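> Dumping the structure here so I can ask a few things about it.
The values are calculated or read from the model by the stated rules, or taken from the named source; none is laboratory data. As the structure is a computational prediction, the values presented were derived from the model and not from experiment. Backbone-built Cβ (ideal geometry, glycine too); neighbour counts: all protein chains shown. Each accessible area value is taken on the protein alone, full model and side chains, heavy atoms only, with ligands, DNA and RNA left out. Shrake-Rupley method; radii C 1.70, N 1.55, O 1.52, S 1.80 Å.
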Amino acid sequence: MERRLVIAFIICAILIVLPFAVKLAENSLQSEVSLPQQNTTLVSNGIYYLGSAVSHEGSDLLCVVPAKAYVPEAGTEVTINVTVKFKHAQPCPYPDWKILTENPVNVEVVSESETKLADAYTAVKQYTVKVLGNGALDVVFKYGSGCPYGTEERVTVYFYIGTPSEEEIANTSAQVPELNTTEKVIVGVIEEVNLGERYFVVNSTKIAIRGKWRSNEGAEYNWKEMLALLKVGERVEVKATYEDGEWKAY
């Protein structure tokens, strides 16, 4: 019997490619604008989009564009693009994660898109915000309930009436950090199952089992129940992550 266990492995780096399509609106005029990775400032319809704001306190990474926005007058709408890069592939054992906004000051969230997965490691969302005056807005990524890899990632986006100084434009950075994500697939026959130390062995590789598991049919298992399903001599295909000095089934 062949089983497929979904896991992720983190050791090398991939460069985050942020799918930023900035939708700008001023009066009745709308246009689609792509934000190049190396640009630090984008100006469209009198709105200055400056930099990117990043949070990486836990395993996942939150990036918001822009970090600051300058508008010509109160009542102008600004689009905020949100990207989350996951350490582990989605869906994960803690699937109730979410992206939201909090603590609006002199801004009003006019609309928000659905949160979509661009790929197994990337979630994107977009907000339209009306700027009422100099103010700010927190953009927050909440980890799933019970997730051991973090609680939240939070950045504050700032809004101003007017135009930025040349010095601020020159000093704005939109560099996007890297998030280390890589996968390794281990295929072979289960040689050992150890309930006491919470691991099993495939091709002489010890693989730890942690957290909760969910089958394709929706059944949920804890680590002990999952290990009990694995039998010595069965052939398995495993995607694994290397964390804290050991391989972990995900």
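> Does region 230-242 contain any residue that is open to solvent by less than 30 Å² (accessible area, probe 1.4 Å), within 26 Å of residue 95 (Cβ to Cβ), modelled with pLDDT of 85 or more and hydroxyl-bearing (Ser, Thr, Tyr)?
Looking through region 230-242, none of the residues is open to solvent by less than 30 Å² (accessible area, probe 1.4 Å), within 26 Å of residue 95 (Cβ to Cβ), modelled with pLDDT of 85 or more and hydroxyl-bearing (Ser, Thr, Tyr).
> Further, regarding this structure: Every residue in region 71-100 that is in a strand (DSSP E or B) and either assigned by the TED database to the domain that holds residue 239 or open to solvent by less than 40 Å² (accessible area, probe 1.4 Å) (or both), please.
Matches in region 71-100: 71, 76, 78, 79, 80, 81, 82, 83, 84, 85, 99, 100.
> Does region 178-196 contain at least one residue that is of a type in the set (D, E, K, R), more than 15 Å from the chain's Cα centre (by Cα), over 26 Å from residue 246 (Cα atoms) and in a strand (DSSP E or B)?
So far as region 178-196 goes, no, none of its residues is of a type in the set (D, E, K, R), more than 15 Å from the chain's Cα centre (by Cα), over 26 Å from residue 246 (Cα atoms) and in a strand (DSSP E or B).
> Go through (1) open to solvent by less than 30 Å² (accessible area, probe 1.4 Å); (2) part of a strand (DSSP E or B) for residue 124 and report which single condition fails.
(1)
> Looking only at region 104-136, which residues are in contact (Cβ under 8 Å) with a residue 40 or more places away in the chain and more than 15 Å from the chain's Cα centre (by Cα)?
Within region 104-136, 106, 107, 127, 128, 129, 130, 131, 132, 133 qualify.
> Out of the residues in region 224-243 that are in a helix (DSSP H, G or I) and in contact with a strand residue (DSSP E or B) (Cβ under 6 Å, 6 or more places away or on another chain), state the one that is nearest to residue 193 (Cα to Cα).
Within region 224-243, the match that is nearest to residue 193 (Cα to Cα) is 227.
> If residue 196 passes every condition in (1) loosely packed, with under 13 Cβ neighbours inside 10 Å; (2) under 26 Å from residue 121 (Cβ atoms) but one, which one does it miss?
Result: residue 196 passes all but (2).
> List, please: which pairs have Cβ atoms under 7 Å, are six or more places apart or on different chains, and start with a residue in region 142-160 that is on the phi > 0 side of the Ramachandran plot and in the same structural domain as residue 130 (by the TED database) and end with one that is of a type in the set (D, E, K, R) and surrounded by 16 or more Cβ atoms within 10 Å (Cβ to Cβ)?
Once the first residue is on the phi > 0 side of the Ramachandran plot and in the same structural domain as residue 130 (by the TED database) and sits in region 142-160, its partners that are of a type in the set (D, E, K, R) and surrounded by 16 or more Cβ atoms within 10 Å (Cβ to Cβ) give 150/60.
> In this structure, is residue 145 at pLDDT 90 or above, within 22 Å of residue 84 (Cα to Cα), open to solvent by 30 Å² or more (accessible area, probe 1.4 Å) and assigned to a loop (DSSP other than H, G, I, E, B)?
yes
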